[in-house]
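Have a look at the structure below before the remarks.
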Amino acid sequence: MSFWTLVSRFILRGRILILLVLSGITFFLSTQWKYAHFSHIEAIQVLKQSSVMTWQHINMHGEYDFEVSNKKSIFDLKNILEFKI
């Protein structure tokens, strides 16, 4: 057997292994999906318990810009942290 025949068999076996692993993960997640649902009340409770700092990357105005820039952000975390309800 030539070198390239061995390399192609190795790659082919690797692809089959990857497909088997992905199929297994997909099957597992599809069987467990029914246990992953939660109600809106539970989601609100989780949000109430989370820190404001976890939301610093969320723009509440609905304007999303993913460009890397050195400009000052229009999103002011200090004002949000000082906001009192």
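Identify which of the listed values of Rg/Rh (Cα atoms, Kirkwood Rh) was calculated from the structure shown: (1) 1.10; (2) 1.22; (3) 1.28.
After the calculation, the listed value that fits is (3).
If you line up the long axis of helix 3-32 against the longest principal axis of the chain, both from Cα atoms, how many degrees apart are they, to the nearest 10?
Around 50 degrees separate the two axes.
Along the Cα→Cβ direction, 7 angstrom out, place labels at W4 and M53. What is the inter-label distance in nm?
Going from the W4 label point to the M53 one covers 5.7 nm.
Of the options L6, N70, H37, report the single residue whose Cα projects farthest towards the positive end of the charge dipole of the chain (beta-carbon charges: Lys, Arg +1; Asp, Glu -1).
Of the candidates, L6 comes out farthest on the positive side.
Would you mind calculating the gained length between F38 and F83 on full extension (0.36 nm times residue separation, minus the Cα-Cα distance), in nm to one decimal?
Working: separation 45, 0.36 × 45 = 16.20 nm, distance 2.91 nm.
Gain in length upon complete extension: 13.3 nm.
Only the coordinates and a few stated rules stand behind these numbers; no lab work does. Predicted, not measured: the structure shown is a model, and the values here were computed from it. Glycine also receives a Cβ, built like all others from the backbone with ideal geometry; neighbour counts cover every protein chain displayed.
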